There are 2 protein chains.
Amino acid sequence: MPGPTPNLKPYQHAKAGAKPARFDLDKVSPQAKPYSSGDKAADKAAVETLARELDELQNLFYADRRFKLLVVLQGTDTSGKDGTLRGVFGQMSALGVHTVAWKAPTEPERARDYLWRIHQQVPANGEVTVFNRSHYEDVLVPGVNKWITPAQVKERYAHINDFERMLTETGTVVVKFMLHISKDEQRKRLQERLDDPTKRWKFSAGDLEVRKQWKQYQRAYADAISATGTPWAPWTVVPADSKTHRNLMIASVMKQVFESLKLRYPPDDASLKNLKVV
Amino acid sequence: MPGPTPNLKPYQHAKAGAKPARFDLDKVSPQAKPYSSGDKAADKAAVETLARELDELQNLFYADRRFKLLVVLQGTDTSGKDGTLRGVFGQMSALGVHTVAWKAPTEPERARDYLWRIHQQVPANGEVTVFNRSHYEDVLVPGVNKWITPAQVKERYAHINDFERMLTETGTVVVKFMLHISKDEQRKRLQERLDDPTKRWKFSAGDLEVRKQWKQYQRAYADAISATGTPWAPWTVVPADSKTHRNLMIASVMKQVFESLKLRYPPDDASLKNLKVV
């Protein structure tokens with residue numbers, strides 16, 4: 001039987017509601033730091049404190065078992081998805097946290113609907129699953145490259161809304177982050193990858209091809225947020241030119257999400273009450 | 001990329017349309033034989049001919065690879081789901097036809113949404129998958145036993161409609177059969193299972209418990225057909241007191257389904273044109 005519906009109120013979302021207006025990504029500055037104290041050292045210390053708190057909250061979430069938690073990290077190359085995993089989720093126990101890094105679909109995956117492989121990886125009760133890229137790539141990439149028509153893009157976002165709604169109504173909390181960096185910040189980070197032998201393995205020539213489509217991808221991201229920023233699965237757009245701010249903001253939102261669930265340890269078994277271990 | 005949308009017109013469906021009226025199962029006689037020639041021997045011969053034709057059509061379907069085909073067999077105990085698999089689908093090649101017999105969900109399955117295990121088993125391009133029982137059991141059984149509320153029953157049928165729509169829009173043809181037998185016919189068949197040592201293994205005491213809920217299940221089936229008889233995934237209610245008629249009707253509908261797809265062998269590779277095997 002499914003757990004109770006979380007009834008998470010939309011928070012920090014870019015756009016919610018049944019008839020979403022067009023979301024304008026250009027209005028969000030990648031350099032903004034809405035969660036910052038103004039002091040970098042203090043922000044860094046806050047991230048560390050939050051990461052430890054998240055570890056405790058995730059442990060409680062695992063014990064509680066009433067909910068499942070799916071976190072989606074989207075963003076262009078070098079936007080900081082891996083860094084978020086390390087900085088925000090890195091202290092949680094591997095027992096209850098799984099990450100899935102999505103790549104181009106394989107032959108058997110392409111022979112089914114594009115949500116087939118996604119659905120297989122959704123979290124079980126008590127589990128946290130973090131998607132590094134996600135089902136959104138199955139609309140963004142073919143959409144930008146015109147492998148599918150605008151009508152198909154719309155159709156897929158309807159499928160995704162239905163899918164995420166079903167997950168929510170069967171006890172999954174769906175939290176989606178869009179890591180938003182500037183084109184200039186990406187240039188710096190790609191150059192850094194090229195220049196640093198310990199980071200060069202992360203660079204691929206394909207990254208430069210994708211970078212040429214910067215405007216198209218920015219528009220596609222705005223479309224995705226407009227189409228799928230729903231009350232049950234809202235987007236949080238994260239200004240991410242500052243890595244510290246990015247982690248601070250995501251960790252803060254994650255803490256809010258856990259706290260909104262009113263987590264509790266399962267009720268004590270009455271038979272344990274006067275039990276003595278001898 | 002998904003295949004083209006099949007655009008299968010509704011046919012033989014119990015009830016279709018966005019605002020389905022209440023479907024009245026009592027109006028369909030389990031003894032009816034709308035597909036019969038009136039001569040039992042001729043009907044039996046026709047089933048055998050159809051089963052051979054279906055084998056050829058499935059081979060073409062497998063070669064074509066543009067579509068996926070999901071067949072759902074629902075019906076109460078002894079309604080003839082196993083007999084349909086043998087009589088109608090039994091001559092098709094195991095290469096492209098898979099059957100899944102759904103049982104009560106396991107622990108890991110219950111820890112996810114109820115469509116999780118179902119989605120894993122959907123057919124790939126060119127494949128036919130036949131569900132012996134299905135995701136409908138995840139509404140019928142908990143609904144009749146009041147483990148879920150009427151509102152949750154409604155919610156689940158909305159999920160199922162969304163899910164089947166997504167499958168259809170990504171190239172899956174969804175065909176659903178409800179095998180309809182009378183309470184008296186079930187009595188005979190259950191007694192036969194008890195009396196025949198070669199059939200006794202199919203009998204379980206639980207069958208009699210479910211039989212006590214006959215009326216509730218009939219009502220629940222009518223509700224399911226009303227709620228999920230959609231243009232993209234219509235139900236065919238099959239009068240099934242006669243096993244020969246049941247197979248004749250299902251085989252005839254399956255033939256119609258295959259023929260409606262305008263199947264064809266993949267286009268010849270031009271380089272093969274003047275190739276000689278030496």
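A:Leu115 - would you say it is within 11 Å of another protein chain (Cβ to nearest Cβ) and among the hydrophobic types (A, V, I, L, M, F, W, C)? Spell out the reasoning first.
Numbers: within 11 Å of another protein chain (Cβ to nearest Cβ): yes; among the hydrophobic types (A, V, I, L, M, F, W, C): yes.
Here the answer is yes, as A:Leu115 does meet what is asked.
Restricting the search to the range A:190-203, which residues are open to solvent by less than 50 Å² (accessible area, probe 1.4 Å) and either in a helix (DSSP H, G or I) or within 14 Å of chain B (Cβ to nearest Cβ) (or both)?
The answer is A:Leu190, A:Arg193.
If A:Ala233 satisfies every condition in (1) touching a Pro at 6+ places or on another chain (Cβ under 9 Å); (2) of a type in the set (Gly, Ala, Ser); (3) outside any helix (DSSP H, G or I) but one, which is the exception?
A:Ala233 satisfies every listed condition except (1).
Is there a residue being touching a Pro at 6+ places or on another chain (Cβ under 6 Å), closer than 16 Å to B:Ala251 by Cα and modelled with pLDDT of 95 or more anywhere in the range B:139-152? Before you say what the answer is, go through the steps one by one.
Taking the range B:139-152 first, the residues touching a Pro at 6+ places or on another chain (Cβ under 6 Å) are B:148.
Now drop any that are not closer than 16 Å to B:Ala251 by Cα, which leaves none.
No, there is no match, as no residue in the range B:139-152 is touching a Pro at 6+ places or on another chain (Cβ under 6 Å), closer than 16 Å to B:Ala251 by Cα and modelled with pLDDT of 95 or more.
Give the range A:153-184 a look and list any residue that's open to solvent by less than 10 Å² (accessible area, probe 1.4 Å) and of a type in the set (Val, Ile, Thr), or say none.
The answer is A:Ile160, A:Thr170, A:Thr172, A:Val173, A:Val174, A:Val175, A:Ile181.
Regarding the range A:75-87, can at least one residue be identified that is away from every other protein chain (no Cβ under 12 Å), more than 14 Å from the chain's Cα centre (by Cα) and not small (Gly, Ala, Ser)?
Looking only at the range A:75-87, we keep the residues that are away from every other protein chain (no Cβ under 12 Å), and these are A:75-87.
Retained after the next criterion (residues that are more than 14 Å from the chain's Cα centre (by Cα)): A:77-78.
After this cut, where a residue has to be not small (Gly, Ala, Ser) as well, the list is A:77-78.
Yes, because at least one residue in the range A:75-87 is away from every other protein chain (no Cβ under 12 Å), more than 14 Å from the chain's Cα centre (by Cα) and not small (Gly, Ala, Ser).
Taking the options A:Arg211, A:Arg264, A:Arg219, A:Arg187, name whichever one is closer than 27 Å to A:Leu70 by Cα, open to solvent by 40 Å² or more (accessible area, probe 1.4 Å), part of a helix (DSSP H, G or I) and out of contact with any Lys or Arg (no Cβ under 6 Å at 6 or more places or on another chain). First the steps, then the outcome.
On the way: A:Arg211 fails: closer than 27 Å to A:Leu70 by Cα; A:Arg264 fails: part of a helix (DSSP H, G or I); A:Arg187 fails: closer than 27 Å to A:Leu70 by Cα.
Result of the check over A:Arg211, A:Arg264, A:Arg219, A:Arg187: A:Arg219.
B:Gln12 versus (1) over 20 Å from the mean Cα position of the chain (by Cα); (2) modelled with pLDDT under 95: which is the lone unmet condition?
The single condition B:Gln12 does not satisfy is (1).
Select from the range A:123-164 the residues that are charged (D, E, K, R) and in contact (Cβ under 8 Å) with a residue 24 or more places away in the chain and list them in ascending order.
First, pick out the residues of the range A:123-164 that are charged (D, E, K, R): A:127, A:133, A:137-138, A:146, A:154-156, A:162, A:164.
Within the range A:123-164, A:Glu127, A:Arg133, A:Glu137, A:Asp138, A:Lys154, A:Arg156, A:Glu164 qualify.
So how many residues does the range B:186-222 have that are under 23 Å from B:Gln31 (Cβ atoms) and in contact with a Leu (Cβ under 9 Å, 6 or more places away or on another chain)?
9
Anything in the range A:165-193 that is touching a residue at least 40 places away in the same chain (Cβ under 8 Å), out of contact with any Pro (no Cβ under 6 Å at 6 or more places or on another chain) and among the hydrophobic types (A, V, I, L, M, F, W, C)? List them, or say none.
A:Leu167, A:Val174, A:Val175, A:Phe177, A:Met178, A:Leu179, A:Leu190
When you check A:Lys188 against the structure, is it touching an Asp or Glu at 6+ places or on another chain (Cβ under 9 Å) and either at pLDDT 95 or above or not basic (Lys, Arg) (or both), yes or no? Even if it seems obvious, please write down each step before you answer.
Numbers: touching an Asp or Glu at 6+ places or on another chain (Cβ under 9 Å): no; either at pLDDT 95 or above or not basic (Lys, Arg) (or both): yes.
No.
So B:Gly206 fits all but one of (1) in contact (Cβ under 8 Å) with a residue 24 or more places away in the chain; (2) assigned to a helix (DSSP H, G or I); what number is the exception?
B:Gly206 satisfies all of (1) in contact (Cβ under 8 Å) with a residue 24 or more places away in the chain; (2) assigned to a helix (DSSP H, G or I) except (1).
Rundown of residues vs (1) open to solvent by 50 Å² or more (accessible area, probe 1.4 Å); (2) touching a helix residue (DSSP H, G or I) at 6+ places or on another chain (Cβ under 7 Å); (3) not β-branched (Val, Ile, Thr), yes/no style:
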| residue | (1), (2), (3) |
| --- | --- |
| A:Ile118 | no, no, no |
| A:Val141 | no, no, no |
| A:Val144 | no, yes, no |
| A:Thr149 | yes, no, no |
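Collect the residues in the range B:232-261 that are in contact with a Lys or Arg (Cβ under 6 Å, 6 or more places away or on another chain) and open to solvent by 30 Å² or more (accessible area, probe 1.4 Å), keeping them in residue-number order.
B:Trp232
Quick check on this structure: which one of A:Pro267, A:Pro197 is at pLDDT below 95 and closer than 24 Å to A:Glu127 by Cα?
Values: A:Pro197 fails: closer than 24 Å to A:Glu127 by Cα.
When all the criteria are applied, what remains is A:Pro267.
Could you tell me which of the residues A:Gly206, A:Gly229 is more than 21 Å from the chain's Cα centre (by Cα) and open to solvent by less than 40 Å² (accessible area, probe 1.4 Å)? Can you show your working first?
Numbers: A:Gly229 fails: more than 21 Å from the chain's Cα centre (by Cα).
Of the residues listed, the single one that is more than 21 Å from the chain's Cα centre (by Cα) and open to solvent by less than 40 Å² (accessible area, probe 1.4 Å) is A:Gly206.
Output the residues belonging to the range B:122-152 that are within 28 Å of B:Leu60 (Cα to Cα) and at the interface with chain A (Cβ under 10 Å from one of its Cβ atoms).
If the condition is that a residue be within 28 Å of B:Leu60 (Cα to Cα) and at the interface with chain A (Cβ under 10 Å from one of its Cβ atoms), then B:Val122, B:Pro123, B:Ala124, B:Asn125, B:Gly126, B:Glu127 are the ones that fit.
If a residue has to be surrounded by 20 or more Cβ atoms within 10 Å (Cβ to Cβ), under 24 Å from A:Leu54 (Cα atoms) and touching a Leu at 6+ places or on another chain (Cβ under 8 Å) to count, how many in the range A:94-116 make the cut?
Qualifying residue count, the range A:94-116: 0.
Give the residue that is nearest to the other protein chains (Cβ to nearest Cβ), with candidates limited to residues of the range B:158-184 that are under 17 Å from B:Gly75 (Cα atoms) and part of a helix (DSSP H, G or I).
Selected residue: B:Lys183.
The values are calculated or read from the model by the stated rules, or taken from the named source; none is laboratory data. Being a predicted model, the structure only gives us computed values, none of them experimental. Cβ atoms come from the backbone with ideal geometry, glycine included; neighbour counts cover every protein chain shown. These area figures cover heavy atoms from the full protein model, side chains too; ligands, DNA and RNA do not enter into them. Shrake-Rupley method; radii C 1.70, N 1.55, O 1.52, S 1.80 Å.
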